[in-house]
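The values are calculated or read from the model by the stated rules, or taken from the named source; none is laboratory data. These figures come from a predicted structure and were not determined experimentally. Please note: Cβ atoms are built from the backbone with ideal geometry, for glycine as well, and neighbour counts cover all protein chains shown.
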């Protein structure tokens, strides 16, 4: 780090833009570090509410340079200072808000050690919020609005309850660092983390040379740092997530916080297509936040565009106006006035990355999550590779076998279980679990001398097959075709803590601690419940559902691959995986079927939240 940090770099421009632009405003932290911010505020003498973002992507990197897809962004949210995944200053200042956009410590123009998503990062964010609340142009009320990284950080900082924070809108942002992002079911999601780190984070590290030449924002104001110092000044997520596998490792444990500590009003916006990153966190964050006023809104579409759609921005502004300006034209601040759940229901085959088609999906308001009328229904896997509501009847035990450590070249070895065509239109909305009876044996052809494997990685995918026999794909994070949903489990980390208050029959709670790890033994069958991420779809008459069981990534994973050789050591995993059938081995998927409201009202409800999901053929949630 330079010996002398320059503090004379703050500039103010109140003539070139429709708003006042202050660049490189300095916030001094209690740690001795400093954060540099850009401030965009209306040309008014009135105090105004403030929207704060704090992250590593560069306060000075224009959206068009960060992503060529800026061309597709709603033109009403394009200005001279548009930036990736953040509220646009041109729009928000015109509507009476100031924007504070801060370079996270160790990035952009903020010197220090780069340690993304760490407690020190959250501490700094909280202090920037409190600083913004005290400025002479600030009303003292702070809101948080942003996508992805700028959403995930909101959960953590809101739990700190910084002075001035009045409401948050985490838009497609994970709330559980370990489960949602780094280790799906305990398996390292290395592909995305490496892509994200190499492209979006260290490229903007404080002191990195060549940024201006690469059109990646301005060079560091104090000058470049040598590579040895850059390396010393960062905590590499690729290295550390590879090294630390368990939630009781200090690396992960220090990133834990309590969602129940969040008290401010929140609007959690999740995307049904985000089946490998944010979706789970938006739903779980909403479920467990302590806020008395909290709302869950579901969307579809590509990760980068809906945030700027006119109708979605109006939702954002009405929510922020209610809690930052006291102008509640919708009823957000009145308990019970606005239904807490707003779902978009995926019905029909509208194509992939088709905003106009997805706009035809109907919306529906609900009053709880999971939906009270949910009928948790078992679909049993059969040895003939079908999936049916009736149990297998065969008396003889048998097993279906597939290779471990499958690669995309081995997709023909994946096991598929398919339902008969649905006889009537059926909605499936909510959490899904799959129970499998599995074992592992040595592959004598691939391992010489043969070595008994001691673990299994389960990769499950639920696919929707249309009446024409072709799969219906949905829009994924990058606009890629994705299936309904996916789930994962490292079987050595199968232990479930049924005493934890967050354990639910439809969503088993796992600690993923090293102390809970139990390696597998030969000739032993293990019964495990696999969490599959929540979904929403209407399966039309004549359509089918297909469960795919694999030992590796399959179609729909995109850049979210799980193929790190250190994490998935062939000495541990290479072999044959088996699914066992027989009187003692029942395999099934529990689907959350939603009857129409009128049908549910006519039936008798039963309280099943404290029962094992699927103990009867069909159960209802309370």
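Could you say which residue among 297, 247 is under 17 Å from residue 118 (Cβ atoms) and either more than 14 Å from the chain's Cα centre (by Cα) or not assigned by TED's automatic domain parsing to the domain that holds residue 496 (or both)?
Of 297, 247, the one residue that is under 17 Å from residue 118 (Cβ atoms) and either more than 14 Å from the chain's Cα centre (by Cα) or not assigned by TED's automatic domain parsing to the domain that holds residue 496 (or both) is 247.
Tell me, which strands (runs of 3 or more DSSP E) lie completely within the range 520-608 with 1 or more residues that are modelled with pLDDT of 95 or more and closer than 15 Å to residue 432 by Cα?
Those strands (runs of 3 or more DSSP E) span 526-539, 544-550, 588-594.
Among the numbered criteria (1) in contact (Cβ under 8 Å) with a residue 40 or more places away in the chain; (2) surrounded by 18 or more Cβ atoms within 10 Å (Cβ to Cβ); (3) in a loop (DSSP other than H, G, I, E, B), which one does residue 335 miss?
In the conditions (1) in contact (Cβ under 8 Å) with a residue 40 or more places away in the chain; (2) surrounded by 18 or more Cβ atoms within 10 Å (Cβ to Cβ); (3) in a loop (DSSP other than H, G, I, E, B), residue 335 misses (2) alone.
Looking at residue 533 and the list (1) touching a strand residue (DSSP E or B) at 6+ places or on another chain (Cβ under 7 Å); (2) surrounded by fewer than 21 Cβ atoms within 10 Å (Cβ to Cβ), which single condition is not satisfied?
The single condition residue 533 does not satisfy is (2).
With respect to residue 373, is the statement that it is surrounded by 16 or more Cβ atoms within 10 Å (Cβ to Cβ) and either free of Cβ contacts under 8 Å to residues at least 24 places away in the same chain or not in a strand (DSSP E or B) (or both) true?
Yes: the conditions hold for residue 373.
Any residue at all in the range 286-306 that's assigned to a helix (DSSP H, G or I) and surrounded by fewer than 20 Cβ atoms within 10 Å (Cβ to Cβ)?
Checked against the condition, which is being assigned to a helix (DSSP H, G or I) and surrounded by fewer than 20 Cβ atoms within 10 Å (Cβ to Cβ), the range 286-306 yields at least one hit.
Where in the range 1-111 are there strands (runs of 3 or more DSSP E), lying fully within it, with 3 or more residues that are crowded, with 24+ Cβ neighbours inside 10 Å?
34-41, 48-55, 98-103
Failed condition for residue 318, given (1) over 16 Å from residue 154 (Cβ atoms); (2) at pLDDT 95 or above; (3) under 18 Å from the mean Cα position of the chain (by Cα), with all others met?
With respect to (1) over 16 Å from residue 154 (Cβ atoms); (2) at pLDDT 95 or above; (3) under 18 Å from the mean Cα position of the chain (by Cα), residue 318 is out only on (3).
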